[in-house]
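Rule-based calculations on the coordinates, nothing more; no lab input. This is a predicted model, so every value here is computed, not measured. Cβ placement follows ideal geometry from the backbone for every residue including glycine, while neighbour counts extend to all protein chains displayed.
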Amino acid sequence: MAKIRTSNPVESIQGKLGDTDSGYFYMRNGKQFYRTREENYQQNQSPRQKWNSAAFAYAHKHLRAIESDVAQTAQMNTDYAAAKHLAPNGKSYPTAHAWKFNCLLHEYKQSHPFENQNN
């Protein structure tokens, strides 16, 4: 941390000065400091959060592939109507997109069960 001194408290700066700044200014005990940090908030995820993030990535990837193909989109809509809007979790979804996304989440979580290494 770099210690920055100002003679007038009105001149003190807090927060980021611009979008491209790598750090931010803050005040502690009447002194001003500058801190840099990597803005990667996913690095501190718990194992369960990482598992859920992997499931979301899987579902988004496959849903994009399905919706880019006309035949697969038609099949998805047919399956949605046949399932009467109910996903594997028992909830009803208003669109085929939301329904298929939930089905893909369920598919990933069934094929990759969460195992907590701490237990």
*What does the charge add up to near Arg48, with Lys and Arg as +1, Asp and Glu as -1, over the other residues with Cβ less than 15 Å from its Cβ?*
+1
*Ser46 versus Phe33: modelled label distance in nm, points set 7 Å from Cα along the beta carbon direction*: 2.8
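Do the alpha carbons of any pairs in Lys50/Lys84; Lys61/Lys100; Lys61/Lys109 sit beyond 21 Å of each other, and which pairs?
Lys50/Lys84
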